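The values are calculated or read from the model by the stated rules, or taken from the named source; none is laboratory data. Given the structure is predicted, the values throughout are model-derived calculations rather than measurements. Positions of Cβ are backbone-derived with ideal geometry, glycine not excepted, and every protein chain shown enters the neighbour counts. SASA here: full protein model, heavy atoms, side chains in, ligands and nucleic acids out. Shrake-Rupley method; radii C 1.70, N 1.55, O 1.52, S 1.80 Å.
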Amino acid sequence: MKLVPRLVLAATLTLGFATVNAKYASAAIINYAFTVDSPVTKGNGFFSFDDSTFSNEDNPVATIKSLSLQFDGDSTVYTEKDDTKYPEFPLVFPTTFLTGQTSLALDYLFNDKSNPSSSISYEIVGKDFTIFSRTSPDAEPILGIVSYTQIPEPTPLIGTLFACSLGWMMKRKVTSMKKVRF
């Protein structure tokens, strides 16, 4: 009987360590979160795309399937349909930042829809976030930065939870069996 609890413990630890060090899933739909930060505004967003749609060019791009962005303190939600060149844009492309970090980045240009009479536009290209006026070419653009984080698939997290739960149940069973013997 001592062999079964040890095998369960070994399997639990193996699954736990395997899922902790797991790389992001190679599923077709990839999800990213991003933040924009400038002296004037900040915001958070999400986008997803099908990685099998990357073009076969020197600089591959894929069209965004779903995007949402909301600036802090503003109820307006910007989507992929707000890009000025929709449906060909927004795009996602692989890039290597100056820090050496490889990531995916956006190419997204959209107008201020919280104030339709405004001539303000926003542009995200890689790590650069720009706010500018479409009607005043002499106006100074406002610059900011964009940061990206890939959202992991839920499967490794569920596997870790399952492995830990199984180990905990087996430990309780072994403990209760030891109590019955005395």
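Please go through region 56-77 and give me each residue that is touching an Asp or Glu at 6+ places or on another chain (Cβ under 9 Å) and part of a loop (DSSP other than H, G, I, E, B), ordered by number.
Correct list: Val61, Ile64, Lys65, Thr76.
The number of residues in region 96-110 being surrounded by fewer than 17 Cβ atoms within 10 Å (Cβ to Cβ) and either of a type in the set (Asp, Glu) or in contact with a Lys or Arg (Cβ under 8 Å, 6 or more places away or on another chain) (or both) comes to 1.
Would you confirm whether or not region 148-160 contains a residue that is modelled with pLDDT of 95 or more, farther than 20 Å from Ile30 by Cβ and either surrounded by 13 or more Cβ atoms within 10 Å (Cβ to Cβ) or in contact with a Leu (Cβ under 8 Å, 6 or more places away or on another chain) (or both)?
Taking region 148-160 and keeping what is modelled with pLDDT of 95 or more, we get none.
No: zero hits.
A count restricted to region 39-55 and to residues that are outside any strand (DSSP E or B) and either modelled with pLDDT of 95 or more or open to solvent by 40 Å² or more (accessible area, probe 1.4 Å) (or both) stands at 6.
Determine whether Asp82 is out of contact with any helix residue (DSSP H, G or I) (no Cβ under 9 Å at 6 or more places or on another chain), surrounded by 13 or more Cβ atoms within 10 Å (Cβ to Cβ) and touching a residue at least 40 places away in the same chain (Cβ under 8 Å). Outline the logic, then answer.
Working: out of contact with any helix residue (DSSP H, G or I) (no Cβ under 9 Å at 6 or more places or on another chain): yes; surrounded by 13 or more Cβ atoms within 10 Å (Cβ to Cβ): yes; touching a residue at least 40 places away in the same chain (Cβ under 8 Å): no.
No: the conditions fail for Asp82.
Taken over region 99-117, the criterion of being farther than 24 Å from Ile151 by Cβ and free of Cβ contacts under 8 Å to residues at least 24 places away in the same chain is satisfied by Asp112, Asn115, Pro116, Ser117.
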